[in-house]
1. Please give the net charge around residue 185, taking every other residue with its beta carbon less than 9 angstrom from that of residue 185, where Lys and Arg add +1 and Asp and Glu add -1.
2. Just the number, please: percent antiparallel of the DSSP beta bridges in the chain, rounded to the nearest 5.
3. If the rule is a partner Cβ under 4.7 Å, which cysteines in the chain fail it?
4. Could you work out how far apart the two model spin labels at residue 341 and residue 450 are, taking each label as a point 7 Å from the Cα in the direction of the beta carbon, and quote it in nm?
5. Compute the relative contact order of the chain as a whole-number percentage, counting only Cα pairs closer than 8 Å that sit 6 or more residues apart in sequence.
6. Quick one: compute the contact order of the range 326-422, relative version, from alpha carbon pairs under 8 angstrom and 6+ residues apart, as a percent.
7. Order these peptides, 356-363, 329-336, 88-95, 104-111, by their mean beta-carbon neighbour count within 10 angstrom, highest first.
8. Hydropathy at least 0.0 by Kyte-Doolittle, axial extent at least 18 angstrom from the Cα trace: which helices of the chain, defined as entire DSSP H runs, fit?
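Laboratory data are not the source of any read-out in this text; all were calculated from the coordinates shown. Given the structure is predicted, the values throughout are model-derived calculations rather than measurements. FYI the Cβ positions are ideal-geometry reconstructions off the backbone, even for glycines, and counts take in every protein chain you see.
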Amino acid sequence: MGRSHALVVGHFPKGRCTRLPFLFSFPFDSSGRSGIFSAPDLIMGKLTVNNLDVRGKRAFVRVDFNVPMEEQKGQMAITDVTRIKETLPTLDLLMNRGAKLVIAAHLGRPKGQREPTMSLRPVAAKLADLLCRPVAFVDDCIGEKAEQTAGALKPGDVLLLENLRFYKEEEDNDAVFAEKLARLADVYVNDAFGAAHRAHASTEGLPKLMAARGSQCAAGLLMERELKFLGEELENPARPFVVILGGAKVSDKIKVIDRLLEKANAVLIGGAMAYTFKLAQGLTAGKSLVEPDKVDMAKAALAKAQKRGVQFLIPSDDIIATPVDTGKLNKKGQPIIEMQKPRTNSQPNIPDDGCGLDIGPETARKYSEVIRTAKTILWNGPMGMFEDARFAAGTNAVAKAVVEATQKSAAKSIIGGGDSVKALNNAGLGDKVSFTSTGGGASLEFLEGAVLPGVAALTEI
Ligand code: 3PG
Ligand code: MG
């Protein structure tokens, strides 16, 4: 296998590149500092890529390329490239400083199996397009082929490894597996904020092992930005600080609600979670999705809000529908329930045959009013089943109000990952807020105050 192996198996940019070639996007700088980024080098006392010496070294770059995909004409196609795009500043910086990039990621949950629909090969092609550079791809993340290709890289070359989770050892944080990954690189960079809440081999075992051997382990620029917005910016928020929380389950959000009640001026609740809060207030929820065993938690949150003087709003009206069993089964063998007769229920109690699926117009108006007064906004979770246009009005109204507050009153708006980002993008408003997180579970755990193993493992400065 010769030196050219990497590029022979690689992907080349398709079409005309409109992006400046990387050599011109950042000046070469022999000091190892670019001087381009004025962002503080210090995030929570961790080394960042700004201060990492990488010239001529192989850098293991853990990214979160867990992008949504769907089958199109028998091939897997990426339906949203945000997570790939957001890593480009880090990749540019590393290429510009003459690093050899060995990029690793997971895709889906293949549970240690080689699952062809979860191959990262389509991502290598997309990355080549976005970087306007060839990207080599190896259909394994450890072993001889990966080691040879990584060893043949020249400064500025880019290699993407196959899905880390094709090995069960990745999620098991297996030391022998981490050791095999360590053979591929000299320094370590973690730009996978979305996976930083996982203590897996590539996010925790590997950096710890490399650090123990004297290698430096740094946060990438995306990781730095995420921690800055979700951490520093919310530490002492400009007031009023309005928190909007949606999503299906109280149990998913209760820790973050509890923590945010210490800081927020107002908390606005939407999504199916709102119906458990209705039960906690002695209201009826009809056929809505509820967690009866979480009613006490919801009551405790309401009591804490009252004690701290936090305005805590749950919907005063809803869009409801009547669930009807079609008698058919879906691919997973579950009954297909159709939501029929969508209508506005203009009172807080939900009738017996009704299932709440979105906040109502009155609630949307009230929530929007509160949001427009905010100076800091944190939004996590849609207000309803927004994937269905009949139940998207509430989420869209909230998205519009968040954008208005950002544009008209210079509020800082931070959108915490997952579905709320999708809802914002659906409404064409994704770039009109201050910050959208690439992390779903990770942003939630971080906001809960948890230590993220992927951050903890990085080199202290
Ligand atoms: C995500 O999409 O939430 C991250 O990539 C982490 O994936 P996981 O939830 O399968 O660990
Ligand atoms: Mg997840």
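1. Values: positive: 57, 58, 100, 183; negative: 186.
Its environment carries a net charge of +3.
2. 35 percent
3. So, 141, 217, 355.
4. About 4.2 nm separates the two model spin labels.
5. 15 percent
6. After rounding, I find 27 percent.
7. Taking the mean over residues of other Cβ atoms within 10 Å, the ranking is 356-363, 88-95, 104-111, 329-336.
8. Details: long enough: 295-308 (20 Å, -0.31); 393-408 (22 Å, 0.09).
Helices meeting the span and hydropathy rule in the chain are 393-408.
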